[in-house]
């Protein structure tokens with residue numbers, strides 16, 4: 001059985017920024033972002049989960065992550081909310 005995977009979007013009101021990522025353990029990954037274990041998000045939190053999509057594999061979640069990141073438009077990304 002394949003593990004579930006997620007595309008996720010988190011938001012930091014401190015810096016008014018979004019972060020888009022993918023993972024197989026969403027709860028653990030969010031804790032990493034908020035504890036400083038992730039280089040890009042360190043010191044910029046707190047981070048809040050604002051959107052997630054579930055996939056049957058990490059490969060599909062990463063494919064979707066790349067698609068969303070290519071949009072380069074905050075307005076388009078935040079329409080999910």
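A few remarks follow.
- Here region 30-53 is scanned for amide nitrogen atoms under 11 Å from the site 7 Å beyond the Cα of residue 17 along Cα-to-Cβ, giving 39-45.
- Helix content alone sets the calculated 222 nm mean residue ellipticity of the chain: runs of n ≥ 4 DSSP H residues at -39500 (n - 2.57) each, divided across all residues, give -10500 deg cm²/dmol.
- Contact order relative to length of the chain, as percent, for alpha carbon pairs under 8 angstrom and 6 or more apart: 38
- Base-10 log of normalised Debye intensity for the chain (one unit scatterer per alpha-carbon) at q = 0.12, 0.17, 0.22 Å⁻¹: -0.32, -0.65, -1.05
Throughout, read-outs are computed from the coordinates displayed, never taken from laboratory work. Fair warning: this is a prediction, and the values are worked out from it, not measured in the lab. Note that we place each Cβ from the backbone using ideal geometry, even for glycine, and neighbour counts take in every protein chain shown.
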